[in-house]
Amino acid sequence: MKKVMFFVALMASITAYGSTSDSLKIVTLQREVSNLKTTISRLQQEDGRLRNLYQQQAKELDSLQANQQQQTENVKTLAEKVGADISDANKKIDSNVSTLTNSINSRTLIGALGILIAIGLLALTYYILKRKISSGATTIDKIRSAQEGLETAQKAMQEESVKLDSKLVELIDKQMSNNKLAGDQKVDHSFALKVGDEIAKIETNLSKMDPEVKGYRQLKQALKRIKDNFNAHGYEIVELLGLDYNDGMPFEAQFVPDETLPEGKRVISGITRLQINYNGEMIQSAKITVRQNI
């Protein structure tokens, strides 16, 4: 009888806990997280646009390099031709030295002019090609600079997301510390399920981040404390993220093609809703995202 009265008291405490102030804080943080996710999505689209621009500039650079090679071959051909002309002129001059002095002088002058013209053409071609290559290199440097700026912005967004999630986790941890979770299957599990949904969102965000992002490890530790608190009150959060998926799993799944995976591979890459067990029995089934190459 005392145990029943204790559980009834726990239920009343959980129901009465939802203070307006803390609820507003949770809603505000959720909105900020949603807005941040929208901003990250736009940045990812901009990243795709910049990558396409980079590929286009890379193609143009390849074209310039091919043109440079063609111009080099043309200059080489022209130089060989001029050289051959000079060689022929010299042979004719040598064979007619005794009788064609004036002609020799004339041909020598023509040969010198030909050399000067060839040198001028080589210098002009080199200058034009250098300008084109320099222009292409400058464009690529600008694209790389833009990509580095985008990566910096994305990292800053991820750090801000970690801060917001950390605040949300602190608020959840505080609520769980001040209130007892359900101690009987007949008690409403809504608070525990709501906390589970927030954990699912935060863990999915963390799975897409670089572990070196500021605050990442602290947030992981805070999530672990909440899970330990769950376990202490009979709840179990089933870990699914990163596991291989098979058709026998009793989950609501959304499948996303991913050709980067080995052929036939299917991996759970996102959790929209966690599977939560209470005293060994499932009280909420999972809703997952699966990347596959089938």
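The values are calculated or read from the model by the stated rules, or taken from the named source; none is laboratory data. Note that the structure is predicted; figures quoted are calculated from it, not measured. Glycine gets a Cβ as well: all are built from the backbone with ideal geometry, and neighbour counts include every protein chain shown.
Is it true that Asn205 is at pLDDT below 70, out of contact with any strand residue (DSSP E or B) (no Cβ under 7 Å at 6 or more places or on another chain) and at negative phi? No; evaluated as a whole, the condition is false for this residue.
Among the residues making up the stretch 186-209, those that are in contact with a helix residue (DSSP H, G or I) (Cβ under 7 Å, 6 or more places away or on another chain) and under 20 Å from Ala156 (Cβ atoms) are Ile202, Asn205, Leu206, Met209. Filtered by the rule that a residue be charged (D, E, K, R), loosely packed, with under 12 Cβ neighbours inside 10 Å and at pLDDT 75 or above, the stretch 52-92 gives Lys59, Asp62, Glu73, Lys76, Glu80.
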